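Quick one: the structure is below, and I'll ask about it shortly.
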Amino acid sequence: MSETHSAGQDDGERTVRVLIVDDQPLVRRGLTLILTPAPAITVVAEAENGEQALTLARLHRPDVVVMDIRMPVLDGVAATQRLTQERPECRVLALSTFDMDEYVVAALRAGAYGFLPKDSSPEELVAAIRTVHAGEAAVAPRLLTRLISTYVTSAPAAPRRPPAVTEPGDLTPREVEVWRLLATGLDNHEIARSMEISVSTVKNYITSIFDKLAVRDRAQAVIAAYESGLVTVRQA
């Protein structure tokens, strides 16, 4: 467990406090070196497993935790679940060696705001940190859909019926259609074109859908769509 402070230059925007969590020292140091020159980003500490991450998160109160998924002692999925329960204002960005990984979906279920493969560029890492700090999902829509359609449908957990089914009328027909299109991998602009409505209207629908489904972000909404049977995997 180590603490470090980068000299991220604050150009007027609020500095994003970042905790790096990875069991490999070279990876931790590499991520810190990448983030050190990034404007308005400060690495406040490094942890080598999930237990240390929880301890350091309580001490340093980071805004974003860059969390490796597979680690000893306490893995990134369990650590993410506990962290989001203890500090819901803290955003987790999950890291994995593989872009198609059931552990990624488990991390998103647990509350991670985004996912980044470890072979991503430094620019992509910085952009993803800023995205999750803003409360948005940092997963490309079509990658998210591929991940979830591959792993969620075969998950052992019992399917969760959506509010639109268990309580008829909770979601309007238009909201259900937006939810379906979102779950098939369309972004907001593509949904707007498909339904012939404005992007701002799509955003309003999505906000309402998140509230009614009791999900926090796009990733969890897509998971809910597959679990409920609203969308299914297309067989070749």
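The values are calculated or read from the model by the stated rules, or taken from the named source; none is laboratory data. Quick caveat: nothing in here was measured; it's all calculated off a predicted structure. Cβ placement follows ideal geometry from the backbone for every residue including glycine, while neighbour counts extend to all protein chains displayed. Ligands, DNA and RNA are stripped out before the accessible areas are found, and what is left, the full protein with its side chains, is counted by its heavy atoms. Shrake-Rupley method; radii C 1.70, N 1.55, O 1.52, S 1.80 Å.
Using the heavy atoms of the protein chains alone and a 1.4 angstrom probe, what is the accessible area of the range 88-130 per residue in square angstrom? Spell out each step's value before the answer.
Values: 1690 Å² over 43 residues.
Accessible area per residue: 39 Å².
Also, quick follow-up: Which value, in Å² rounded to 10, gives the accessible area of residue 83 with a 1.4 Å probe and all protein chains present?
For residue 83, solvent-accessible area is about 10 Å².
Percent of accessible area on the range 21-115 owned by carbon and sulfur, 1.4 Å probe?
Details: 1970 of 3570 Å².
The nonpolar share, carbon plus sulfur, comes to 55 percent.
Further question on the same structure: Want the number for residue 123 to residue 216: 0.36 nm per residue separation, take away the alpha-carbon distance, what's left? Please report the intermediate quantities before stating the final value.
On the way: separation 93, 0.36 × 93 = 33.48 nm, distance 2.57 nm.
Taking 0.36 nm per residue and subtracting the Cα distance, the gain is 30.9 nm.
To continue, here is another question. Suppose each label sits 7 Å from its Cα in the direction of the beta carbon; what would the residue 197-residue 89 distance come out to in nanometres?
3.3
While we're here: Could you pull out the chymotrypsin sites (Phe, Trp or Tyr not before Pro) across the range 54-140 that fall in loop regions by DSSP (anything but H, G, I, E, B) with no more than 14 other Cβ atoms inside 10 Å? Provide the component values of the computation, followed by the final result.
Working: sites: 98, 103, 113, 115; in loops: 98, 113.
Hits after loop and neighbour filter: 98.
Related question: State, in angstrom, two size descriptors of the range 33-133 derived from its alpha carbons: Rg to one decimal place and Dmax to the nearest whole number.
Values for the range 33-133 (Cα only, Rg and Dmax): 12.4, 33 Å.
Please report Rg (one decimal) and Dmax (integer) in Å for the Cα set of the range 78-132.
11.1, 31
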